[in-house]
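Here is the structure we will look at, set down as structure tokens.
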Amino acid sequence: MKRRAFLLNAAALSTGGVGCAVSEAPPGRVVVPFWSKNGGRNRATLTSLVDRFNRSQKDVWVQAVFQGAYFEGLAKLRTALAAGAAPPLSHVVGEVVPYLFEAGVLEPLDDYPGARSLPLHPALGQAGSFRGGAERPLVVLPFNRSTPIAYVNRRLFESQSDEPDTWEGLTQVARSLTTPKRFGFGCPIDWWYWAALVGQAGGAIVEPDGRVSLGDDAGVRALGFWQRLVANGLMKQPPGRDYNAWEQLSQDFLAGRVAMIWSSTAFVRYLEETADFPVLALPLPRGVRGSVPTGGTHFVLLKSAPKELKQAAWRFVRFLLEPEAAAFWSSETGYLPVTTESAQGLEKGGFYAKHPNYRVALDQLSVAEPWPWSKNLFRIQREVVQPRLEAAVLEKLEPSRALSEARSMASENQL
């Protein structure tokens, strides 16, 4: 036990523990390291909830340890798992959940008190987030959940007669908002947004029989849509990768270099507070149908952690899923309220009437698509698809060729 505690502390320090919300626990508390991936304003909100939990009882002391953005934090978690020094509690992006489950590192939650009776939003828990998620042991609970939405400079948008609720409508609005000094539209070249377009075009990334289709023709149409917008000068050629590209796009929007962007609902609060113009949030447009993926992270308990720490971590998870805490987290960040009770509380309290931009993603869950339960989904995303999306848009690789290469690579490597 002492050796494992040493490894856990060493892992935290060597993977980004410095500068995190770590404070000395009062004597007699069970100390629970919680590896988080929330930065900026959202980290401050999480810290306030951790402090509230720590003051609410005298048995458990949670220490939130910032481990970088989602993908950086995931790499550190995998390293800690390999070293036998995983924390009792973390949160991970949805696409990696099947991989971690099949690796046998996630703690089954079915026997934890109240786990199966939590009033989760149907689209945000394990059952709704993954095809076949209800048939498997419960291993995740929702935390930072989101969908992509559109943000528009309301002052510029007032001249538009219609919302961009179709691909054609988006193109028309982007054209009307484009000037020599401003692009009408911007979107990171990122798997998440491409998955939204594939669904809107009527396709799926992985077919029900497990075949990695990457949408077939729908995937090609989705990628071609991006290419045309860039080629016609309506969409800013996106810079950077991963969340660096997301942040740069936010800065372009705030600086007036782009009039309309696609980003995560997680940035509602940040954009509203930072912009010197009114911000309007809108749902994504339809193709042949409405479709968005869900995103963000799920809570996980790590099986290798000591039982006492996992049970203590469970108390904190339950606290964050209580209506008041879940509603506070959503209202202070823009992430979705993950329980029906927290959403109802925000509605009844008048929050959505006063802040309608926060309601957009919640309403959009009516067309949310579950992810396939595929242990290789994360590798398909990072190693196969993402580089080819970038090559198609930034280097003008023909979409059918890019996705054909990706399908072949997935098949040859049994991804």
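The values are calculated or read from the model by the stated rules, or taken from the named source; none is laboratory data. All of these numbers come straight from a predicted model, not from anything done at the bench. We place every Cβ from the backbone using ideal geometry, glycine too, and count neighbours over all the protein chains shown. To get the accessible areas, we keep the full protein, side chains included, count just its heavy atoms, and leave off ligands, DNA and RNA. Shrake-Rupley method; radii C 1.70, N 1.55, O 1.52, S 1.80 Å.
Observations on the model:
- Classification of the range 280-329 by its C-alpha gyration tensor yields an oblate form. The axis ratio a/c (a ≥ b ≥ c) is 1.5 or more, and b/c is at least a/b.
- Per-selection Kirkwood Rh - the range 27-131 (Cα, Å, 1 d.p.): 15.6
- Computed extension length for residue 401-residue 182: 75.7 nm, one decimal, from 0.36 nm per residue of separation with the Cα-Cα distance subtracted.
- Percent of Cα pairs in the range 297-367 per distance bin of 5 Å, from zero to the largest separation: 3, 15, 24, 19, 13, 11, 8, 5, 2, 0.
- On the beta carbon distance between residue 383 and residue 304, with R0 = 25 Å, the FRET formula returns roughly 0.45.
- Using a probe of 1.4 Å, the accessible surface attributed to residue 117 totals some 90 Å² when neighbouring protein chains are kept in position.
- Filter on 307/348; 37/307; 76/348; 58/307 - keep pairs with C-alpha separation over 30 Å: 307/348; 76/348
- Mean projection area, nm², convex hull over Cα of the chain: 19.8
- Table column - 3J(HN,Hα) (Hz), the range 282-297, Karplus curve with 6.51, -1.76, 1.60, x for Gly and Pro: 9, x, 5, x, 8, x, 7, 7, x, 6, 9, x, 8, x, x, 10
- Relative intensity, log₁₀ I(q)/I(0), of the range 221-308 from a Debye sum that treats every alpha carbon as a point, q = 0.13, 0.16, 0.17 Å⁻¹: -0.59, -0.82, -0.90
- Residues whose amide H falls under 5 Å from that of residue 368, counting only those 5 or more places apart or on a different chain, are 292, with hydrogens built in the peptide plane.
- Think of the range 240-313 as a dipole: +1 on every Lys or Arg Cβ, -1 on every Asp or Glu Cβ, centred on the Cα centre; then among 255, 291, 280, 291 lies furthest on the positive end.
- Sequence-distant contacts, meaning Cα pairs under 8 Å at least 6 residues apart, place the relative contact order of the chain at 24 percent.
- Listed residue (208, 194, 137) projecting farthest to the positive dipole end of the range 105-242, Cβ model: 194
- Averaged over its residues, the range 93-137 has an accessible area of 42 Å² per residue, based on protein heavy atoms and a 1.4 Å probe.
- Other-chain or far-sequence residues with amide H under 5 Å of residue 106's (modelled H): 303
- Taking all protein chains into account, the per residue accessible area for the range 217-297 stands at 37 Å² (1.4 Å probe).
- Spin-label pair residue 110/residue 272, simplified geometry with 7 Å Cα→Cβ offset, distance in nm: 4.1
- Rounded to the nearest 20 debye, dipole of the chain from Cβ charges on Lys, Arg, Asp, Glu: 840
- Surface share of carbon and sulfur [accessible, 1.4 angstrom probe, percent] for the range 177-315: 50
- Packing, taken as the mean count of other beta carbons within 10 Å per residue, orders the peptides 341-354, 256-269, 214-227 from highest to lowest as 256-269, 214-227, 341-354.
- Accessible area per residue for the range 157-199, computed on protein heavy atoms with a 1.4 Å probe, is 44 Å².
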